[in-house]
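Report on the following structure.
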Amino acid sequence: MARKHGDTVTIEAMDQHKRRIAARPAIDTEIARFLRGTVAVLGLTFLGLPALAQQTQTASGNQTAPSGNQPRPTQTGPSSGPESSAMAGAQQQLYTASGQNGAQVSQDSFKGSVVEGKSTGNLMDLSLDDAIQRGLRNNLGIILQGASQRNANGQRLEELQALLPTLTGAVSINVQQVNLAAYGLKFPGLNPIIGPFQVVDFRAYLTQNLFNLSALQNYLAAKHNFAAAKLTAEDARDMVVLTVGNAYLLCVADNARVEAVTAELATSKVSLDQAVAAHDAGTSPKLDVLRAQVDYQNEQQTLISAKNELAKDKLSLARAIGLPLDQEYRLTDRSPYAAFNDVDPQASVDQALKTRKDLAASGEQVLTANAQKKSASAYRLPVASFVGDFGDLGQTPGHSHSSYTATGQVTVPILQIAKTRGQNEVAAANYEQARARLGDQAQQVNQDVRDAILDIQAAAKLVEATHSNVELANEALSEAQQRFKAGVSDNLPVSQAQSQTEQANDTYISALYQHNLAKLSLARALGSAQTNYKDYLGGK
């Protein structure tokens, strides 16, 4: 039996055939059979036809050779990042300043969640800490980032396998009968029908890369990519705190808005009652009543709108933390105004550059691209590998003998100039892109910190100014109501004062929300939102 590999024909199976013949009792009969088989093998070889020992499909679908002496095709040859690595695409743009990565996690992902539990049917209390802890468990963004981390770890293990021994096993049974006449071979006194005959083979195959620098660099690239995925998953927790905290603070602002409008509605009702009483007494025209009634109804409409906004924002908060949307809850934290001490922008930037996980992930991506670049360059180097097999071969399991093959090989790419140069250029371009992204992201972190500090300072001044406006507007409204009640003036100043009071309250509530959100944004910009958000919201 012979197997054709490229332009070389091997006939190791002939020796094994001889050993089987020597072990049989009927020597003369077996010699005759051997001669017929030898003539057939030589004839088929000279014709350049496929070997008689055709491979048969095993139950696993693998091709096995009955002779057992030839190594199976292996993957120990030269490898490069673009070819051997399944993560080539996923390693691009793992993480950017917007929170996106190769796992297709977008900013909107942090607004969703996986629902935890069912509605209790009762009103539940929800603090800011409870909301954030629920978000850290159920938020969709953090779940997707965790899956991305596991995916990167799986890719790392796949690349590691190229450096480890690979052992496989196979069992085959080959039954054949050949008609030499069909190939134009006719020998006087020789039956052209050979067989049927069978070969049973139990075999284990071992492959091992002894030197493959390209595969080593691919593994290092996958290792750095996994480290970047871990850092990105950690940074996602800060993103969850920022997203959930923002949603909670928005609900707090909405609730304050509802309370303010409710108080304004009560004040408007007082003005309406005064106008009706004055009209009934004949001291005020019907116009004052109509004006007061319009103001009252406007406040009613504003209250309806404010309650609707609160309900919708509470649904958004519930969706971000995995709370059933039909679960009724109330906010227990009001996050009142707390002054924030002045901070040194440059010291804060230096701290953020050390603690921001997304920036560290980009640094790992630079190392990933560098390893890929080295892998592409190493593709031109020789690859040394070992291939071996050991098994039991014979006509039946009871009539068989052990056989083995041990092969050491060195593979060198010779004429692949365009491919090698193209891979080098692609890897070099990816490396430059990764370095540019890292530099830009460092600037983004710098800007995030300084923006948050400026927002805190501006919002603090705005809170003080709007708080004073609210007090002045309330005083003006009280004065206008007293003048109207005393009959000194009509209720037009009252209507105007109510409008100014409503506007002052809206601006004050908005300023409080902006101040708290700016402090939370600073915690995220410094990379400490998950651990220190309470300190920042409470003031430092």
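Restricting the stretch 423-433 to residues that are under 24 Å from the mean Cα position of the chain (by Cα) and of a type in the set (Gly, Ala, Ser) leaves a set whose member that is surrounded by the fewest Cβ atoms within 10 Å (Cβ to Cβ) is Ala429.
When the stretch 434-462 is examined, which residues are found to be open to solvent by less than 30 Å² (accessible area, probe 1.4 Å) and of a type in the set (S, T, N, Q)? Answer for the stretch 434-462, where residues must be open to solvent by less than 30 Å² (accessible area, probe 1.4 Å) and of a type in the set (S, T, N, Q): just Gln441. Of the candidates Thr531, Thr507, the single residue that is in a helix (DSSP H, G or I), free of Cβ contacts under 8 Å to residues at least 24 places away in the same chain and either open to solvent by less than 50 Å² (accessible area, probe 1.4 Å) or hydroxyl-bearing (Ser, Thr, Tyr) (or both) is Thr531. Scoring Glu264 on the criteria (1) surrounded by 15 or more Cβ atoms within 10 Å (Cβ to Cβ); (2) touching a residue at least 24 places away in the same chain (Cβ under 8 Å); (3) over 16 Å from Pro493 (Cα atoms) leaves a single failure, condition (3).
Here is a check on your reading of the model: is Ser172 more than 30 Å from Gly388 (Cβ to Cβ), at pLDDT below 95 and hydroxyl-bearing (Ser, Thr, Tyr)? The answer is no for Ser172. Of all residues in the stretch 422-449, those that are over 20 Å from Ala228 (Cα atoms) and in a helix (DSSP H, G or I) have Cβ atoms under 7 Å from Cβ atoms of residues that are open to solvent by 40 Å² or more (accessible area, probe 1.4 Å) and modelled with pLDDT under 95, 6 or more apart or on another chain, in Gln423/Pro82; Asn424/Ser377; Val426/Pro82; Val449/Pro345. Selection of the stretch 174-196 for residues being surrounded by 14 or more Cβ atoms within 10 Å (Cβ to Cβ) and assigned to a strand (DSSP E or B) yields Asn174, Gln176, Val178, Ile194, Gly195. A single entry from Leu160, Leu136, Leu144, Leu167 fulfils the requirement of being at negative phi, assigned to a strand (DSSP E or B) and within 33 Å of the chain's Cα centre (by Cα): Leu167. Kindly indicate whether any position in the stretch 465-479 is open to solvent by less than 70 Å² (accessible area, probe 1.4 Å), part of a helix (DSSP H, G or I) and among the β-branched types (Val, Ile, Thr). Yes, the conditions are met somewhere in the stretch 465-479. May I ask you to verify whether Asp288 is touching an Asp or Glu at 6+ places or on another chain (Cβ under 6 Å), modelled with pLDDT under 90, farther than 30 Å from Ala318 by Cβ and assigned to a helix (DSSP H, G or I)? The answer is yes for Asp288.
Could you list, in sequence order, all residues of the stretch 336-349 that are out of contact with any Gly (no Cβ under 9 Å at 6 or more places or on another chain) and surrounded by 13 or more Cβ atoms within 10 Å (Cβ to Cβ)? Residues satisfying the conditions are Val343, Pro345, Ser348, Val349. Select from the stretch 136-155 the residues that are open to solvent by 50 Å² or more (accessible area, probe 1.4 Å) and either free of Cβ contacts under 8 Å to residues at least 12 places away in the same chain or within 29 Å of Ala204 (Cβ to Cβ) (or both) and list them in ascending order. Arg150, the sole residue that qualifies. Among the candidates Leu381, Leu367, Leu359, the residue that is surrounded by fewer than 18 Cβ atoms within 10 Å (Cβ to Cβ), of a type outside the set (Lys, Arg) and touching a residue at least 12 places away in the same chain (Cβ under 8 Å) is uniquely Leu381. Flag not set for Lys230, criterion: among the basic types (Lys, Arg), touching a Lys or Arg at 6+ places or on another chain (Cβ under 7 Å) and either within 30 Å of Tyr379 (Cβ to Cβ) or surrounded by fewer than 24 Cβ atoms within 10 Å (Cβ to Cβ) (or both). Being within 30 Å of Leu522 (Cβ to Cβ) and at pLDDT 95 or above holds for only one residue in Ala247, Ala227, Ala256, and it is Ala227. Among the residues of the stretch 480-499, those identified as buried (at least 18 other Cβ atoms within 10 Å of the Cβ) and assigned to a helix (DSSP H, G or I) are Ala480, Gln481, Phe484, Val494, Ser495, Ala497, Gln498.
The values are calculated or read from the model by the stated rules, or taken from the named source; none is laboratory data. These numbers were taken from a predicted model, which means no experiment stands behind them. Using ideal geometry, Cβ is built from the backbone for each residue, glycine included, and neighbour counts are taken over all protein chains shown. Note: accessible area is taken over every heavy atom of the protein model, side chains too, but ligands, DNA and RNA are not part of it. Shrake-Rupley method; radii C 1.70, N 1.55, O 1.52, S 1.80 Å.
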